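A short worksheet on the structure shown next.
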Amino acid sequence: MARNIAVIGAGVIGLASAVNILEEIPNVTVTVLADKFSPNTTSDGAAGFWEPHAAADTPEHLQRHWGEVTFRHLEALCRTEESSVAGVTTLSAYHISKEPIKDEFWASTVYNYRQVPTEEISRQYPHAKYGIFFTSFLAECRMYLPWLMRRFKEQGGKVVNKHVFNLEELVGQYDVIVNCTGLHSRSLVSDDSMQPIRGQVVRVKAPWLKHFVYDVTADCAVIPCSNNVLITATAEIGNWNTEPDPEYRKKLWKSCCTIFPSLKHATVDYEWVGLRPGRPSVRLEKEIRKVKDEYLKIVHNYGHGGAGITFHWGCAQDTTALVAELLGRK
Ligand SMILES: Cc1cc2nc3c(=O)[nH]c(=O)nc-3n(C[C@H](O)[C@H](O)[C@H](O)COP(=O)(O)OP(=O)(O)OC[C@H]3O[C@@H](n4cnc5c(N)ncnc54)[C@H](O)[C@@H]3O)c2cc1C
């Protein structure tokens with residue numbers, strides 16, 4: 001008899017988990033339960049660049065493993081006809097700074113990684129002196145999530161639009177529940193260590209810009225995407241405000257125009273504020289909870305901070321292995 005699996009969440013973490021479970025475990029029915037779908041998830045607003053970032057104290061060996069698996073998945077996808085529909089492409093990046101930049105632990109995963117001579121940096125970005133350069137992938141979730149959803153449904157995956165107030169309301173209905181609710185795990189599973197990491201974004205029309213540049217000193221980034229250029233700065237930990245802040249926008253705009261003076265001629269497409277699901281470390285583990293006379297088998301996969309897209313496929317594979325274990329199909 002087919003076993004029933006529920007995946008709560010339809011962001012990049014939930015959909016990647018649902019697809020992997022359906023494709024890797026024989027004889028299962030998989031249902032995605034979520035109260036928001038593309039284009040209205042946090043994942044949709046992200047740039048989608050592959051780079052381990054804002055992952056707090058998640059152990060380096062796990063970041064390396066999940067990042068590497070995801071990089072290879074994007075690499076394989078990029079070699080297919082599907083890549084344009086899935087919104088996956090390569091993108092090269094400079095990180096620039098007034099101070100020397102240490103080599104990253106993921107240097108050997110990406111293409112073309114190198115420390116850039118000061119002469120090359122300061123000719124292009126006179127306010128900076130040091131830099132690294134590398135080529136990685138961009139997976140734009142406004143295309144990638146619908147593509148994952150189509151892949152899921154074509155193989156018989158089911159979808160229910162529903163807010164889950166408590167995991168225990170699902171007892172008796174599913175053999176395993178996979179929790180991919182991102183920041184909302186704070187209330188759903190009472191995880192007080194979950195914190196928003198606020199990111200304010202301005203998307204502008206500037207099709208002449210082709211390189212991602214992250215200014216480490218000013219903490220701001222200019223990221224060319226397929227329909228616009230995303231400019232953002234990172235981390236405001238603990239700030240729940242989802243309204244764009246005009247003062248913050250002014251500061252961001254000034255820093256980004258220092259990187260690319262031509263941005264002064266760009267027109268604003270739209271603004272957005274997203275709350276990254278921050279946690280001291282990604283939570284990817286199983287839990288068996290006794291509810292009255294029954295057992296609720298759960299796999300948690302949430303808390304990816306600023307690296308959900310970077311880790312999604314690796315985390316989905318590990319989630320699938322835990323689901324198989326809980327079903328007794330190791
Ligand atoms: C400005 C910004 C830029 C970013 N850029 C990048 C980047 O370039 N690269 C990168 O790797 N990461 C980036 N990130 C981080 C990335 O967006 C997140 O790590 C990722 O989106 C987390 O995915 P998720 O699926 O866990 O969460 P979400 O996308 O938030 O999805 C959560 C899902 O759970 C559902 N849900 C929650 N609670 C319930 C409930 N109780 N009942 C039913 N459904 C529920 C929601 O409806 C939704 O479908 C960025 C984030 C921001 C804010």
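Values quoted throughout were computed directly from the atomic coordinates according to the rules given, and no laboratory measurement underlies them. Computed from a predicted structure; not experimentally measured. Methodologically, a virtual Cβ is constructed for each residue, glycine included, from the backbone with ideal geometry; neighbour enumeration extends over all protein chains shown.
Listed by Cβ neighbour count within 10 Å, with the fewest neighbours leading, His53, His184 appear as His53, His184.
Full extension of the chain between Ser84 and Gln155 yields a length gain of 23.4 nm, computed as 0.36 nm times the residue separation minus the alpha carbon distance. At what distance in angstrom do the alpha carbon centres of the range 4-56 and the range 289-313 lie from each other? Cα centroid of the range 4-56 versus Cα centroid of the range 289-313: 11 Å apart.
3J(HN,Hα) along the range 154-164: 4, 9, x, x, 9, 9, 10, 7, 7, 8, 9 Hz, from the Karplus curve 6.51 cos²θ - 1.76 cosθ + 1.60 with θ = phi - 60°, whole Hz, x for Gly and Pro.
Structural descriptor for the range 1-150: relative contact order 28 percent, calculated from alpha carbon pairs under 8 angstrom and at least 6 residues apart. The modelled label-to-label distance for the pair Gln173/Ser92, using points 7 Å beyond Cα in the direction of Cβ, is 5.1 nm. For the pair Tyr113 and Glu325, a Förster radius of 35 Å applied to the C-beta separation gives a FRET efficiency near 0.45, rounded to the nearest 0.05.
For Met1 and Thr242, the FRET efficiency from 1/(1 + (r/R0)^6), where r spans their Cβ atoms and R0 equals 41 Å, is about 0.40.
Stretching Arg72 away from Lys162 to a fully extended chain increases their span by 29.1 nm, per 0.36 nm per residue minus the current alpha-carbon distance.
Here the chain is described by how far its Cα atoms reach on the three principal axes: 68, 39, 33 Å, from widest to narrowest. Annotation for Glu287 and Lys205: the two label points, set 7 Å from Cα along the Cα-Cβ direction, are 4.8 nm apart. Extension gain, His53 to Thr267: 0.36 nm times the residue separation minus the Cα-Cα distance gives 74.2 nm. Per-residue 3J(HN,Hα) values for the range 89-103, derived from phi via the Karplus relation 6.51 cos²θ - 1.76 cosθ + 1.60 with θ = phi - 60°, read 8, 7, 8, 9, 9, 10, 9, 10, 7, 7, 10, x, 10, 5, 5 Hz in sequence order (x marks Gly and Pro).
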